[in-house]
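All remarks here apply to the structure that follows.
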2 protein chains.
Amino acid sequence: MAFFCRPFNIQVMTEKPFRTPLIRQPLLSQWMGGDVYLKCENLQQTHSFKARGAYHAVSLLDKTAKEKGVITHSSGNHGQALAWAAKSHGIEAHIVVPENAPPIKIAAIKQQGGIVHFCASGMDEREVKMREIQNLHGQIFIPPYNHEHIIRGQSTCAKEILEEQPRLNAILAPVGGGGLLSGTAWATKTTNPKIQVLGCEPEAADDAARSFKAKKLIHPGNPDTIADGLRTGLGDLTFNYILNYVDDIYTVDENEIVQAWAFAIHRLKMIMEPSCAVPLAVLKKHRSALKGKSIAIIITGGNVDTQTLPNASKALGFM
Amino acid sequence: MAFFCRPFNIQVMTEKPFRTPLIRQPLLSQWMGGDVYLKCENLQQTHSFKARGAYHAVSLLDKTAKEKGVITHSSGNHGQALAWAAKSHGIEAHIVVPENAPPIKIAAIKQQGGIVHFCASGMDEREVKMREIQNLHGQIFIPPYNHEHIIRGQSTCAKEILEEQPRLNAILAPVGGGGLLSGTAWATKTTNPKIQVLGCEPEAADDAARSFKAKKLIHPGNPDTIADGLRTGLGDLTFNYILNYVDDIYTVDENEIVQAWAFAIHRLKMIMEPSCAVPLAVLKKHRSALKGKSIAIIITGGNVDTQTLPNASKALGFM
């Protein structure tokens with residue numbers, strides 16, 4: 001109730017990442033015979049947790065660096081988040097985007113004030129284009145996950161969860177590049193090592209699970225999964241965090257992901273990206289082990305075209 | 001954290017209405033320069049607040065009445081809620097449904113174990129059919145809103161809000177038949193009369209606003225609004241509650257409702273019925289008066305076909 005007596009004429013401040021709601025989901029809690037909390041990063045600024053890392057990384061730049069502006073290559077949530085973070089610090093963001101990126105994503109970056117540069121599709125082409133721009137103007141590269149400041153920024157999500165529910169048994173987070181999982185595991189284990197941190201990954205893009213098991217960084221190849229936010233492989237930094245702080249990484253197949261996603265849309269009534277369904281599918285798959293416990297699941301983002309939402313019938317059999 | 005140490009082998013009990021989450025919505029709170037809380041009845045049993053009233057009414061029946069079962073006429077949320085409430089008390093529910101009702105709604109009633117009886121469309125036809133069945137078996141009629149037990153059941157929603165946020169300035173709830181608004185206003189004013197209770201109604205179905213102003217029950221005629229849950233007129237009981245306990249009733253037009261609905265879907269990432277957009281549209285329309293305050297909005301239900309969700313472009317200009 002801190003804002004109860006706020007004056008009427010208060011101005012909205014420079015935007016910062018939101019403290020997003022942590023909700024006790026009644027249906028999942030009943031079904032699990034315990035407490036299932038959802039951390040709603042789909043309600044975050046730019047509708048994904050990526051706003052946390054991008055904001056933190058930009059805020060740590062010195063004055064000279066800020067004057068040069070920032071740059072990244074991403075057609076997804078990181079591009080949008082960096083554009084927003086730069087705008088809220090009053091600096092420029094240059095986002096290199098493959099020319100075949102969905103128009104809806106390009107529009108979202110521009111809406112946040114990002115300066116869009118197109119390149120041919122392909123990872124090499126993105127980097128070439130980015131270097132080309134950097135060579136001219138010296139913008140600072142803010143990578144999507146493999147960066148200490150990004151990881152620490154993402155850790156604020158788990159920090160908020162633990163402030164509200166310090167006695168959890170486990171936190172489940174999806175893993176793609178590993179920025180969120182690294183930050184989550186670091187924040188959790190340095191606060192309370194008894195809380196389990198479980199990574200959740202599509203079977204079809206299981207480089208993190210295999211790397212974790214082999215204790216050796218394995219590259220993902222070119223994975224295909226509906227959980228498009230999780231196709232990326234780990235970086236060396238995120239791999240080290242995960243090796244040191246994560247308890248286990250569970251995988252689920254594409255059918256399990258679609259079923260959990262449809263369930264989330266039609267029964268949890270939340271609009272979320274398919275990547276968010278991966279920890280929900282893990283909850284179902286490991287229900288007997290997780291039953292009766294107090295569990296938080298990070299719902300990582302909500303940037304999905306509502307035209308592509310799965311049909312209700314796909315949810316059958318989840319619960 | 002009451003369930004923290006729950007044993008693993010606990011069984012799910014007979015189902016009751018959920019304590020739904022009350023979330024502080026970060027985007028709306030920032031925009032209003034205050035605290036905007038959403039009470040998520042779209043996450044309620046059967047995905048609407050109607051489960052509260054139906055459950056309460058069924059629970060108060062005596063043994064003889066329970067043996068006869070219950071009956072109502074409704075193709076909407078009340079039918080589904082009564083079927084569920086009856087099932088969770090182990091009794092029969094008979095639901096009279098017009099033969100042109102959407103198959104998705106009929107399926108939802110059947111899924112809750114309701115026994116569906118078809119009738120010709122039209123209010124008179126529904127009542128004739130219902131009496132016909134009642135004359136044979138004597139089932140107890142549980143009306144959708146104009147009933148003391150229903151109103152008191154709906155009041156549990158505001159009770160939960162006030163337990164979590166006792167120092168609110170205002171509660172906004174939509175008004176159709178007035179069951180929810182009656183219960184909300186009664187629970188609020190008997191707890192803390194300083195909290196404003198504001199009814200929110202479509203201009204196109206403004207019988208409650210007109211009745212409130214005229215202090216005389218005005219019938220709605222045959223209103224047409226996208227907020228299909230709010231087409232019903234008040235009953236004598238709900239009218240009296242509203243006259244005694246509600247501070248004001250605000251109306252919004254169809255464009256305002258669609259804009260708020262699209263905003264809710266695409267920016268709040270919550271799946272809700274168009275009726276839920278009515279208080280959101282009121283929030284925008286009366287923003288200058290409500291700015292800086294601590295406000296709770298009841299999101300009444302989530303039973304909407306995701307195929308019919310509004311396009312993102314419809315949300316433009318809300319914020």
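Checking every residue in region B:251-269 against the condition of being without any contact (Cβ under 8 Å) to a residue 40 or more places away in the chain, under 19 Å from B:T184 (Cα atoms) and either open to solvent by 20 Å² or more (accessible area, probe 1.4 Å) or in a helix (DSSP H, G or I) (or both) gives zero matches.
If you check B:D224 against the conditions, is it farther than 25 Å from B:N169 by Cα and among the charged types (D, E, K, R)? So that I can check it myself, show each step before the final result.
Working: farther than 25 Å from B:N169 by Cα: yes; among the charged types (D, E, K, R): yes.
Here the answer is yes, as B:D224 does meet what is asked.
The residue that is farthest from the other protein chains (Cβ to nearest Cβ), counting only those in region A:270-287 that are open to solvent by 30 Å² or more (accessible area, probe 1.4 Å) and assigned to a helix (DSSP H, G or I), is A:K285. Only one entry of A:D305, A:D206, A:D228 meets the criterion of being more than 14 Å from chain B (Cβ to nearest Cβ) and surrounded by fewer than 18 Cβ atoms within 10 Å (Cβ to Cβ), and that entry is A:D228.
Residues in region B:288-302 that are within 9 Å of chain A (Cβ to nearest Cβ) and open to solvent by 50 Å² or more (accessible area, probe 1.4 Å): B:S288, B:K291, B:K293. Being in contact with a Phe, Trp or Tyr (Cβ under 6 Å, 6 or more places away or on another chain) and either at pLDDT below 95 or not small (G, A, S) (or both) holds for only one residue in A:R131, A:R126, A:R152, A:R167, and it is A:R167.
Take B:N222 and decide whether it is out of contact with any Cys (no Cβ under 8 Å at 6 or more places or on another chain), more than 25 Å from B:V36 (Cα to Cα) and open to solvent by 40 Å² or more (accessible area, probe 1.4 Å). Considered against the rule, which asks whether it is out of contact with any Cys (no Cβ under 8 Å at 6 or more places or on another chain), more than 25 Å from B:V36 (Cα to Cα) and open to solvent by 40 Å² or more (accessible area, probe 1.4 Å), B:N222 comes out as yes.
Name the single residue, out of those in region B:175-196 being among the hydroxyl-bearing types (S, T, Y) and over 16 Å from B:K39 (Cα atoms), that is surrounded by the fewest Cβ atoms within 10 Å (Cβ to Cβ). Looking at residues that are among the hydroxyl-bearing types (S, T, Y) and over 16 Å from B:K39 (Cα atoms), I get B:T190. Of the residues in region B:294-314, not one is in contact (Cβ under 8 Å) with a residue 60 or more places away in the chain, part of a helix (DSSP H, G or I) and either over 22 Å from B:K39 (Cα atoms) or assigned by TED's automatic domain parsing to the domain that holds B:A205 (or both).
The values are calculated or read from the model by the stated rules, or taken from the named source; none is laboratory data. What you see is a predicted model, and the numbers here were worked out from it, not measured in a lab. Here Cβ is always computed from backbone atoms with ideal geometry, including for glycine, and neighbour counts include all displayed protein chains. We work out accessible area using only protein heavy atoms, side chains counted, and drop any ligands, DNA or RNA first. Shrake-Rupley method; radii C 1.70, N 1.55, O 1.52, S 1.80 Å.
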